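Below is the structure I would like to discuss, written out as structure tokens.
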Amino acid sequence: MGGGMVPNMARVTTRYDSGQDRFSLAGELPQGLPVVLWLTQRLLLRLLPPLLAWLQEHDAPQQHEPRQRLYADTLQGFAQQAACAGLEPQMPVPVLAASPEWLVESVNLARGPAGVRLVFLGRQGPVAAMVMSAQALRQWLGIVCHAWRQAPWPMEPWPGWLVEAGAGTRAPQACAVH
């Protein structure tokens, strides 16, 4: 899940922007250069299912009986709570007025045993990438879910174990995930 020519963002600050009705990812590229990526609800609705499925497959095999599913969901909830508890608040990625901004039109997703790699593509092609272990993916999804609640968007895409894991916690307004 390494390199390629697309730069990996070292840190990412994820926010919902009510004026744009979109999510912004302020990323720190190599040499500390900032970039802003805009993600629409439509794009996120297509991205969430494979990310959530990877987490469920990564942490526990698919369960088919109701009791097994309940047990698997409980384990997912515990893992999500542990990931959220391990999230250290950090300063947001600084964005300048001259920082490049792109509307993300698609995302290439690579999954491996150690984690996932998201390559964000704009109209001109690949812009930036984000590599996350299972722990970092859980933390980022927790941040996205928390910010999603600020949007006038339905909560249906989110599994109960993830929503409940973050319900009692106060996530910072903006977080960086490494």
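Of all residues in the range 17-28, which are crowded, with 19+ Cβ neighbours inside 10 Å and under 19 Å from Glu105 (Cβ atoms)? Spell out the reasoning first.
Going residue by residue through the range 17-28, those that are crowded, with 19+ Cβ neighbours inside 10 Å are 22-28.
Selection gives Arg22, Phe23, Ser24, Leu25, Ala26, Gly27.
I've got another one for you. Mind telling me which of the residues Ala53, Ala60 ends up being modelled with pLDDT under 85 and of a type in the set (A, V, I, L, M)? Steps first, please.
Working: Ala53 fails: modelled with pLDDT under 85.
The match here is Ala60.
Here is a further query. Does Val36 fit the bill of being within 17 Å of the chain's Cα centre (by Cα) and either at pLDDT 95 or above or assigned to a loop (DSSP other than H, G, I, E, B) (or both)? Quick ask: steps written out before the conclusion?
Details: within 17 Å of the chain's Cα centre (by Cα): yes; either at pLDDT 95 or above or assigned to a loop (DSSP other than H, G, I, E, B) (or both): yes.
Yes: the conditions hold for Val36.
Can I ask one more? Identify all residues within the range 97-156 that are in a helix (DSSP H, G or I), within 22 Å of Gly19 (Cβ to Cβ) and among the aromatic types (Phe, Trp, Tyr); write none if there are none.
Going through the range 97-156, the residues in a helix (DSSP H, G or I) turn out to be 134-148.
Then drop every residue that is not within 22 Å of Gly19 (Cβ to Cβ), which leaves 143-148.
Answer for the range 97-156, where residues must be in a helix (DSSP H, G or I), within 22 Å of Gly19 (Cβ to Cβ) and among the aromatic types (Phe, Trp, Tyr): just Trp148.
Follow-up. If Gln80 satisfies every condition in (1) at pLDDT below 85; (2) assigned to a strand (DSSP E or B); (3) not hydrophobic (A, V, I, L, M, F, W, C) but one, which is the exception?
If we test Gln80 against (1) at pLDDT below 85; (2) assigned to a strand (DSSP E or B); (3) not hydrophobic (A, V, I, L, M, F, W, C), just (2) comes out false.
Residues Leu109, Leu137, Leu121: which one is within 15 Å of Leu47 (Cα to Cα), out of contact with any Phe, Trp or Tyr (no Cβ under 7 Å at 6 or more places or on another chain), among the hydrophobic types (A, V, I, L, M, F, W, C) and crowded, with 20+ Cβ neighbours inside 10 Å? Let's see the steps before the verdict.
Numbers: Leu109 fails: crowded, with 20+ Cβ neighbours inside 10 Å; Leu121 fails: crowded, with 20+ Cβ neighbours inside 10 Å.
That would be Leu137, the only listed residue that is within 15 Å of Leu47 (Cα to Cα), out of contact with any Phe, Trp or Tyr (no Cβ under 7 Å at 6 or more places or on another chain), among the hydrophobic types (A, V, I, L, M, F, W, C) and crowded, with 20+ Cβ neighbours inside 10 Å.
The values are calculated or read from the model by the stated rules, or taken from the named source; none is laboratory data. Owing to the predicted nature of the structure, the values given are computational and were not obtained by experimental measurement. Because the Cβ atoms are built from the backbone with ideal geometry, glycine has one as well, and the counts that use them run over all protein chains shown.
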